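The values are calculated or read from the model by the stated rules, or taken from the named source; none is laboratory data. What you see is a predicted model, and the numbers here were worked out from it, not measured in a lab. Cβ: placed from backbone, ideal geometry, glycine included. Neighbour counts: every protein chain shown. Each accessible area value is taken on the protein alone, full model and side chains, heavy atoms only, with ligands, DNA and RNA left out. Shrake-Rupley method; radii C 1.70, N 1.55, O 1.52, S 1.80 Å.
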Amino acid sequence: MPGRPSSPDRVRAVRRAVRVSVAASAGFYPAVYALDEPAMALYALFAPVALGILSQIPGSGRDRALVVLRVLPVAAALTALGTALAVATLPAVAGMLLVGFALSFAAACGPAPAGVAPGLLLFYILACFPPYAPDTLPQRLAGLLVGCVLLALCEWLLLPAPADVSYRERVAGALEAAARAARAALPGGPADPALAGELRAAGQALRLSRLPPGVRPTGAGRTERALAHTGSATRRLLDQLARSAERASPPPARDPVSATLVGGIAAECALMARNLRGERPVAGPGLLEEMVEDFLRARVRSADAGEPVPADVLRRQSAVLAQAASAVTARAALSIGIGGRRRVPGLPAQQLWYAAPSSASLWLRRLKGNATLRSVVFQNAVRTALGLGAARLVAGSLDLSHGFWVLLAVLTLGRTTAGATWSAVRSAAVGTLLGALAAGALVLWAGGATDAYAALLAPTMVLAFTVGPLAGVAWAQGLFTLVVSTAFAQLAPITWRIGEARVVDVLTGCGIGLLCGVLAWPAGAATEVRRGMARMLREAASLVPATVAASLAPAPAGGPESPGTGGAAGRSTLHRLRLAEAAYAQYRSEPGGGRRDGGPDWPAAINCGVHILVGAYWLPRNAARHTPDGGIGPAVTSWAREAADSTAAAVVDAARFPPGGARTGPVRLPAGLESAAPGRSLPLLLDVEHWLGTLAAELASLGDDRAPAVTPRRGRPPGRRPRA
């Protein structure tokens with residue numbers, strides 16, 4: 001049973017029901033009683049229902065109105081295609097398979113295509129059923145046009161939906177929190193656990209899985225990719241600032257180099273927040289990059305001058321350098337997202353790979369990346385297409401009366417898991433049966449008095465479209481049965497058996513939908529999220545030793561990317577990371593999604609993959625200034641490689657999600673090596689230590705609390721797949 005709806009939910013439901021009912025009534029009544037055009041009336045009625053109720057269009061009232069008008073040509077094309085293919089069952093089924101897959105797969109392109117896809121499917125479903133009447137296509141298109149235009153006007157002018165807080169505003173608020181935290185850290189001082197908690201909460205609030213679908217920057221275009229990258233870098237910066245707040249900081253007198261850079265980070269975060277709110281022109285990351293260069297040169301000068309710097313100060317500098325890398329990344333991505341830049345020189349090219357390609361290339365890459373059995377978007381598209389195709393075949397072969405209700409049941413009751421589908425169809429069956437009984441009683445009472453049905457249609461729609469979304473599937477199906485009964489009674493003479501036909505059709509659709517749910521990926525994203533996270537971690541494991549090796553022997557500044565860091569391994573890890581994030585987003589939307597009863601900490605796994613990539617981009621780049629002329633030395637090199645191999649093995653172990661997480665070997669630089677390391681190389685080694693320590697902490701947190709206890713094995717080569 002759904003939980004008790006909140007007051008804002010009830011208000012939103014009433015407003016939407018009024019908008020859709022007014023639009024549907026304003027098109028339906030004139031078409032029936034003034035023009036005597038049943039085909040036009042049917043489409044004028046169902047167009048607002050399809051795009052206003054069945055679809056989940058995000059945004060404000062104005063945004064929704066614009067989406068309705070933009071998809072109007074697509075809806076008209078689908079109506080024409082369905083009208084033409086209704087000539088026989090097999091062409092209609094073939095069209096249903098193609099249209100069902102294409103529209104469902106379009107969910108990969110962002111929340112707007114995903115939200116409008118069910119409504120667009122309804123236009124083809126309505127048109128592809130007998131009678132085959134191509135001569136009625138003009139009336140159908142006229143009704144579609146009237147219904148969509150009326151809905152757009154109602155969305156815009158009649159009780160319009162308020163706009164959600166935009167992603168830009170959310171990131172701006174998070175950047176302001178980062179600026180305040182950085183300024184608070186300037187004087188140094190004791191640990192501040194309360195501030196750390198606030199920063200982590202601000203970072204968690206930016207997670208896409210916790211945002212309304214309409215504000216998530218999940219599109220394939222350059223702007224949305226850049227905004228998502230800005231948000232990701234901001235979350236990482238908040239987490240880094242939180243870890244720093246949990247430790248005591250040395251005063252500026254002991255660490256003037258860090259104090260200068262932290263002040264620059266605070267100023268840059270505040271400036272980015274103003275940029276996101278449109279208060280100032282957008283700049284590139286050049287100024288903060290210069291400060292990072294000054295920071296690196298100052299560390300080298302101190303080492304070359306033989307000035308002893310305490311190890312705790314050097315470790316603080318490593319943490320500040322990691323924060324600066326996050327801030328530079330956020331600024332660079334922001335300059336692409338809202339500044340229109342196509343190139344950001346000086347930064348790791350692979351990190352901002354989306355800046356140069358054309359928009360068409362970016363969209364094609366998104367679609368190609370999801371054209372795999374491991375993509376939940378692909379799985380959902382296949383499941384939907386097969387279910388709708390099978391429903392159209394059954395309805396056409398058995399010549400069911402009002403057979404489009406079979407497909408409508410499959411479309412509205414299908415879920416991404418078999419368990420959720422079973423729960424939905426049980427409720428739908430009960431609701432439809434009760435609604436059919438009420439419809440039969442209404443027909444017996446009113447008989448052929450169309451005035452009675454005309455008087456009941458509008459209030460019944462308001463009731464159905466208000467109560468249905470709030471009270472659950474049973475109420476929605478039962479009340480919608482009354483809506484269609486009162487509507488069809490005005491289009492043609494009906495008997496009490498219309499309720500019987502709807503029960504048969506809905507139960508048939510329920511059976512087909514349940515069968516598809518059982519046969520096609522019945523576990524939904526629960527299985528895929530585990531598999532996707534595991535594959536991402538195994539792919540990322542090889543980057544750890546490659547990054548450390550490239551940092552110990554960095555390429556000259558401006559030279560080619562180090563093998564294994566910015567090359568094919570990095571691109572493959574990024575691809576696996578995107579698939580894992582999509583699976584997790586769906587998992588959170590399914591019943592029981594989230595980490596409520598133990599289980600792996602999926603956000604920690606995503607963070608681990610992101611931090612591996614960030615280290616692969618930045619560590620070799622920053623290391624070029626720190627390699628002494630005589631090299632780092634065999635003992636220190638051996639420690640770094642052993643620590644990297646141990647961490648990589650732990651990443652592979654973590655892909656099994658053992659209880660308690662995966663444990664690395666020691667990643668802290670031993671005191672003996674710390675004192676023996678060449679002065680210029682010590683900051684570099686502590687940078688590596690800081691990166692590996694961050695990964696070790698995340699690996700320890702992502703274990704499966706429900707799994708049986710096993711002792712993770714050590715020493716497995718990073719690239720080797722563990723046995724199940």
inquiry  = How would the range 233-314 be classified by its alpha-carbon gyration tensor: rounded, prolate or oblate, with rounded meaning a/c under 1.5 and the a/b versus b/c comparison settling the rest?
reply    = oblate
task = For the range 415-425, just list the computed ³J(HN,Hα) in residue order, Karplus coefficients 6.51, -1.76 and 1.60, θ = phi - 60°, integers in Hz, with x standing in for Gly and Pro.
result = 10, 7, 10, 5, x, 5, 5, 4, 4, 5, 6
remark   = Between the Cα axis of helix 61-85 and the main Cα principal axis of the chain, the angle (0 to 90°, nearest 10) is 60
key: Probe 1.4 Å, protein heavy atoms only - accessible area per residue of the range 1-160 in square angstrom   = 41
ask   = So what's the back-of-envelope 222 nm ellipticity for the chain, counting only DSSP H runs of four-plus at -39500 (n - 2.57) apiece and dividing by all residues, rounded to 500?
value = -23000 deg cm²/dmol
request  = Let me have the relative contact order for the range 409-535, percent, based on Cα pairs under 8 Å that are six or more residues apart.
outcome  = 43
inquiry  = Run the paramagnetic zone check for Thr223: 7 angstrom along Cα to Cβ, then residues of the range 91-118 with backbone nitrogen under 16 Å.
reply    = 110-113
message = Considering the Cα positions of the range 598-702, please state its Rg to one decimal place and its Dmax as a whole number of Å.
response = 14.8, 51
ask   = By how many degrees, between 0 and 90 and to the nearest 10, does the Cα long axis of helix 286-304 differ from the longest principal axis of the chain?
value = 30
request  = In Å³ and rounded to a whole number, note down the convex hull volume per residue for the Cα atoms of the range 259-407.
outcome  = 197
request  = Quick one: pull the percent of accessible area on the chain belonging to carbon and sulfur, 1.4 Å probe, ligands and nucleic acids left out.
outcome  = 62
task = Could you work out the relative contact order of the chain, using alpha carbon pairs under 8 angstrom and six or more residues apart, expressed as a whole percent?
result = 13
note = Dividing the mean separation of Cα pairs under 8 Å (6+ apart) by the residue count of the range 35-134 yields a relative contact order in percent of 39
query = So what J values fall out for the range 371-386 if you push phi through Karplus, 6.51 cos²θ - 1.76 cosθ + 1.60 with θ = phi - 60°, rounded to Hz, Gly and Pro as x?
reply = 7, 8, 5, 8, 8, 5, 5, 5, 4, 5, 5, 5, 4, 5, 5, 5
message = What number does the range 26-130 give for Rg over Rh if you use C-alpha atoms and the Kirkwood radius?
response = 1.00
task = State the three equivalent ellipsoid semi-axes of the range 359-419, derived from the C-alpha gyration tensor as the square roots of 5 times its eigenvalues, in descending order and whole Å.
result = 30, 13, 9
note = The alpha-carbon pair-distance distribution computed for the chain, with 20 angstrom bins and whole-percent values, is 16, 43, 27, 12, 2, 0
message = Suppose each label sits 7 Å from its Cα in the direction of the beta carbon; what would the Arg426-Ala452 distance come out to in nanometres?
response = 3.6
query = Dividing the alpha-carbon Rg of the range 397-465 by 2.2 N^0.38 Å yields what?
reply = 1.38
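Just reorder Trp156, Trp363 by solvent-accessible area, largest first, 1.4 Å probe, all chains present.
Trp156, Trp363
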key: the range 317-463, accessible area per residue, ligands and nucleic acids excluded (1.4 Å, Å²)   = 38
inquiry  = Give me the 1.4 Å probe accessible area per residue for the range 161-262, excluding ligands and nucleic acids, in Å².
reply    = 41
query = For Tyr43, what accessible area in Å² do you get when you roll a 1.4 Å probe over the heavy atoms of the protein chains, rounding to the nearest 10?
reply = 10
key: Test item: Cα-centred dipole of the chain, Lys/Arg +1 and Asp/Glu -1 on Cβ, debye   = 860
query = Using the alpha-carbon atoms, what tilt in degrees (0 to 90, nearest 10) does helix 404-413 show relative to the longest principal axis of the chain?
reply = 30
note = Which residues qualify? For Ser249, with a placed amide H closer than 5 Å and at least 5 residues away or on another chain, they are Gly189
task = Have a look at the range 269-342 and give its Rg and Dmax from the Cα atoms, expressed in angstrom.
result = 15.5, 47
